[in-house]
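First up is the structure itself, then whatever we jot down about it.
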Amino acid sequence: MVPRGNNRRHPASGCATLSGRPAPAGRRSVTGRRGILTSAEAVRGSLRRDVRIIGLVGGAHFVSHFFQLTLPPLFPLLRTDFDVTYVQLGLLMSLFYASSGIGQTASGFLVDHWGARRVLPSGMALLAFAMALAGFAPSYWALVPAALLGGLGNSVFHPADYSIFNASVSPSRLGRAYGAHGICGNLGWAVAPVVVVTLSSTIGWRLALVTVGVLGIAAAVALSTLGEALDDRRETVGLRGVPSSGWTANVRLLMATPILVAFAYFALLATSLIGIQTFSVSAMVAIYEAPLGLATGALTAFLLGSAGGVLVGGFLADRTSRHDVVAGGGMFLGAAASLVIASAAPPLALLPVVMALAGFCLGATSPSRDMLVRAATPPGASGKVYGFVYSGLDLGSSLTPLLFGWLLDRGEPRMVFVASAAFMLLTIATVIQVRRHAAPAGMRAAAQR
């Protein structure tokens, strides 16, 4: 029988510390969060609680993606009112994503130290405030600080969201939680252009931005009142050494091979996805001489297919341990579909079908990819790790317009899909590396507990 003092999970507390001693019930950790008794594990596994957490966090992710596509649909109006070029307007989004990417790692540290329940509503409020502020911009240059502030607000979502999921959602439902999270984000992208353009045609673009900004702030306030459900303390409670790790230890953690490879994965993924989302319509018009409405419909089919793939991928992630096979296989099939489009072989009428297939294959990889990152993440470090690796998305998103715009300017529309396929295939190598290094890292972390 294991002696009471050496038992890593003492029945009286249900929590472990880095030293192997149980965290006393009710004692506050350095983060100010109380220990959780064993009875809380039953609550954690309850379906009702999981659904509530997934709904709240998914709603926050919807808001994040909604505001990411709030300004771009207004570019034609902003170009006329401020007499600027599309390059200048595109710079606003590059600044937005650059600010978000730089801020994500810092936000991850804030999440691990202060808790996601405080950081998430604050970031949402800042993002919404930035969009409302853009409605008062007297000139183009006044939009620059709004874009930078919006990026900082956007930076909190991934580290906070995944920290909450990893700590509070039953492990048997994590794959579906990641899937619902991705679907909510896709819905935010789909709804934003419709809402913003409709409002701007009725009350003007300035009031449209102010309106959605005020609604976003109200949503952040409502979320803050439900903070008890946004609980990531179960992951860090009792791990007193983790939140207080020194700078050197934190840098060593983020520079670990599986974490760096995951960062590369997200950067490559963003380059391929944003390339298709931003430039596929122009490329399909040039390659197929497709009507603008049909090309736009094909992009919509891609986004809807991606949402469907995320849904199916969530169930797959909960039913397999070979997440690398799911992620790598989906990327391979998505690359193949992209190359088919580049070949100009499909009839025009089948173009939306092929685009939907590509979106489905890529979307199905999302939950498994997040499970791979989770496997490589030490206990108590979800905020900083997810913040760092997801900043790769913002890096790829900020660089993509320059590369793919250059290809189109050179009269190479097919290369938009070829380059996207190439980046998808490169992500397969990163998936294999994350899988290869994640298991040993997880075993070492478990041995330290």
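Points to keep in mind about this one:
- The set of residues in the stretch 318-330 that are under 26 Å from Ala422 (Cβ atoms) and touching a residue at least 40 places away in the same chain (Cβ under 8 Å) comprises His323, Asp324, Val326, Ala327, Gly328.
- Taking (1) touching a helix residue (DSSP H, G or I) at 6+ places or on another chain (Cβ under 6 Å); (2) modelled with pLDDT of 90 or more in turn, Phe75 satisfies each apart from (2).
- Residue in the stretch 200-215 that is charged (D, E, K, R) and either closer than 23 Å to Leu303 by Cβ or without any contact (Cβ under 8 Å) to a residue 40 or more places away in the chain (or both) present: no
- The set of residues from the stretch 245-256 being within 21 Å of the chain's Cα centre (by Cα) and assigned to a helix (DSSP H, G or I) comprises Leu253, Leu254.
- Considering residues of the stretch 80-122 that are surrounded by fewer than 19 Cβ atoms within 10 Å (Cβ to Cβ) and not in a helix (DSSP H, G or I) only, the residue modelled with the lowest pLDDT: Thr85
- Lone unmet requirement of (1) crowded, with 19+ Cβ neighbours inside 10 Å; (2) under 17 Å from Ala295 (Cβ atoms) for Phe360: (2)
- Residue in the stretch 143-157 that is of a type in the set (Val, Ile, Thr), more than 24 Å from Leu223 (Cα to Cα) and touching an Asp or Glu at 6+ places or on another chain (Cβ under 9 Å) present: no
- Residue match in the stretch 188-195 (condition: under 13 Å from the mean Cα position of the chain (by Cα), surrounded by fewer than 22 Cβ atoms within 10 Å (Cβ to Cβ), of a type in the set (A, V, I, L, M, F, W, C) and not in a loop (DSSP other than H, G, I, E, B)): yes
- Test result for Ser168, surrounded by 22 or more Cβ atoms within 10 Å (Cβ to Cβ) and in contact (Cβ under 8 Å) with a residue 60 or more places away in the chain: yes
- Only a single item in (1) in a helix (DSSP H, G or I); (2) buried (at least 23 other Cβ atoms within 10 Å of the Cβ) is not met by Thr377, and it is number (1).
The values are calculated or read from the model by the stated rules, or taken from the named source; none is laboratory data. Since we're looking at a predicted model, the values are computed, not measured. Positions of Cβ are generated from backbone atoms using ideal geometry, with glycine treated the same way; all protein chains shown enter the neighbour counts.
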